[in-house]
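Q: Below are the structure tokens for one structure; questions will follow.
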Amino acid sequence: MKFIKFKNEIEASQYAANEIIDLIKKESKVQLGLATGSTPIKLYEILVKDHNENKTDWSKVETFNLDEYLGLPENHPQTYKVFMDHHLFSKVNINKSNTHFPEQNSINYDELIDSKKGIDLQILGIGTNGHIGFNEPGSELNSLTRVVNLTQETIKVNADKFFNGDTKDVPKQALSMGIKSILKAKKIILLAFGESKQDAIKKLKESIAFDINFPASALALHNDVTIVIDEKAGENIDL
Ligand code: GLP
């Protein structure tokens, strides 16, 4: 794992955006793995700005989102489909039929990704408890896309960020790509910003093997992972 610390979230997001833009320009077809949450919002903003100013062509890009809540009505503002439409898909020239999310019969999601020759670049965030996607502590290394139960910690964090603090409005389950699904990506960039991610990043830096209680540790087993953080997330860490 390579760690890169930037002065702030904007510079860090610009780095990840450049990686995506370079890939889109270089390859005739690109498969991107995308994340939601507060962390990648700036990244998507930069990608939209780039599309408007430099006409980067998204018509040959296919996307696979990491996860989706279970049990929210289809157009609920907090579904990850609506999130992605709002922040990226409706603002670039991507073909909507090339955007994918895990569905209830999600057993097919990994097969779909494999049939498209896999994910070229996977963007990840990290939960304060070390979850990636919605792979909470206890997720197996060989897990594929499946229904997962969210922990109280994740429900509380997401309630505060996205559901006006009301934990009862946050779904208790989600569909998530598994840890094995994530590790199949050719390249992975994990973004983490702010003080609340300090402990998770410190633990990630110390990870040398998979620890089932800290799912992000699985990234230590992949050969092309870049951890992109801001000064706050990396404050107490020697890189
Ligand atoms: C969420 C998402 C993850 C995300 C993580 C961090 O619940 N399911 O994909 O990376 O938790 O979220 P945030 O970026 O809001 O800190």
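Q: Of everything in the stretch 124-181, what is open to solvent by 60 Å² or more (accessible area, probe 1.4 Å) and of a type in the set (Val, Ile, Thr)? Give them in sequence order.
A: Val147
Q: Quick test for you: out of Glu74, Glu53, Glu111, Glu62, pick the one residue that is farther than 30 Å from Lys205 by Cβ and in a loop (DSSP other than H, G, I, E, B). Spell out how you get there, then give the answer.
A: Numbers: Glu53 fails: in a loop (DSSP other than H, G, I, E, B); Glu111 fails: in a loop (DSSP other than H, G, I, E, B); Glu62 fails: in a loop (DSSP other than H, G, I, E, B).
Within the list Glu74, Glu53, Glu111, Glu62, the selection yields Glu74.
Q: I need the full set of residues from the stretch 24-40 which are in a helix (DSSP H, G or I), open to solvent by 30 Å² or more (accessible area, probe 1.4 Å) and in contact with an Asp or Glu (Cβ under 9 Å, 6 or more places away or on another chain), in order please. Let's see the steps before the verdict.
A: Step one: filter the stretch 24-40 for residues in a helix (DSSP H, G or I), giving 24-26.
Adding the requirement that they be open to solvent by 30 Å² or more (accessible area, probe 1.4 Å) leaves 25-26.
The one that is in a helix (DSSP H, G or I), open to solvent by 30 Å² or more (accessible area, probe 1.4 Å) and in contact with an Asp or Glu (Cβ under 9 Å, 6 or more places away or on another chain): Lys25.
Q: Residues Ile229, Ile212, Ile208: which one is modelled with pLDDT of 95 or more, more than 13 Å from the chain's Cα centre (by Cα) and buried (at least 24 other Cβ atoms within 10 Å of the Cβ)? Walk me through how you get there before you give the answer.
A: Values: Ile212 fails: buried (at least 24 other Cβ atoms within 10 Å of the Cβ); Ile208 fails: buried (at least 24 other Cβ atoms within 10 Å of the Cβ).
When all the criteria are applied, what remains is Ile229.
Q: Restricting to the stretch 7-23, name every residue that is touching a residue at least 60 places away in the same chain (Cβ under 8 Å) and crowded, with 19+ Cβ neighbours inside 10 Å.
A: Result: Glu9, Ala12, Ser13, Ala16, Ile20.
Q: List the helices (runs of 4 or more DSSP H) that sit entirely inside the stretch 120-239 and contain at least 3 residues that are out of contact with any Cys (no Cβ under 8 Å at 6 or more places or on another chain), within 10 Å of the ligand (Cβ to nearest atom) and farther than 19 Å from Ile41 by Cβ.
A: Values: elements: 152-162, 179-183, 198-206.
In the stretch 120-239, there are no helices (runs of 4 or more DSSP H) which contain 3 or more residues that are out of contact with any Cys (no Cβ under 8 Å at 6 or more places or on another chain), within 10 Å of the ligand (Cβ to nearest atom) and farther than 19 Å from Ile41 by Cβ.
Q: Further question on the same structure: (1) under 15 Å from the mean Cα position of the chain (by Cα); (2) within 30 Å of Lys29 (Cβ to Cβ); (3) of a type outside the set (Phe, Trp, Tyr): which one isn't true of Lys197, the others all being true?
A: (2)
The values are calculated or read from the model by the stated rules, or taken from the named source; none is laboratory data. Remember, it's a predicted structure, so these values are computed and weren't measured experimentally. Neighbour counts run over all protein chains shown; Cβ positions are idealised from the backbone, glycine included. Each accessible area value is taken on the protein alone, full model and side chains, heavy atoms only, with ligands, DNA and RNA left out. Shrake-Rupley method; radii C 1.70, N 1.55, O 1.52, S 1.80 Å.
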